[in-house]
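Okay, so here's the structure we're looking at.
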Amino acid sequence: MSRFRVRYSARARQQLREHLLWVRERSEQGYGTLRKRILTAVESLAKDPERHAIALESVSVGFTVRRLLVGKRRGQFRILYRVQGIEVTILAVRRGTQDFLPPEMLQGENYGERE
C-alpha cells in the first residue's frame, strides 16, 4: 500500500507532455518505452520518496527539492519533486542536458496550488 500521494504541478505535467510528444514524433516505440519508464519511476515515489538525492536547486529555493533520475546519459530525465507530509509534488520534468532551474521556476504559482 502507498504511503504517499503523488501529484503533478500543472507546469510539470505540461513539461512531461511536451517531452513525450517530441519523442513520439521521432519514434512511436521510443515514446512508449520512455512513457512507461517515467510513469513507473514517478509511481515508485509513493513508497519512499526520500530515497533520492537532494537536487542542487534546493540551495536557492528555501525548501528541499529532490531529484529522480530516469534513463541514462543524454537520454536521461531529471524529475524534480517536493515532499510535504504525505504528498509528493512533481515540480518539473527536465532532460538531463537542460540547465538547472532558476528559483522562480520552482516557486511559481503552479507549485503551491492543487489541481
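Restricting the chymotrypsin sites (Phe, Trp or Tyr not before Pro) of the stretch 25-95 to loop positions (DSSP other than H, G, I, E, B) with no more than 14 neighbouring Cβ atoms within 10 Å leaves Phe63. Computed from backbone phi, the HN-Hα couplings of the stretch 71-83 come to x, 10, 6, 5, x, 7, 10, 10, 9, 9, 8, 10, 10 Hz, rounded to whole numbers (Karplus: 6.51 cos²θ - 1.76 cosθ + 1.60, θ = phi - 60°; Gly and Pro given as x).
None of the figures in this text is laboratory data; all of them are computed from the coordinates on show. All of these numbers come straight from a predicted model, not from anything done at the bench. Positions of Cβ are backbone-derived with ideal geometry, glycine not excepted, and every protein chain shown enters the neighbour counts.
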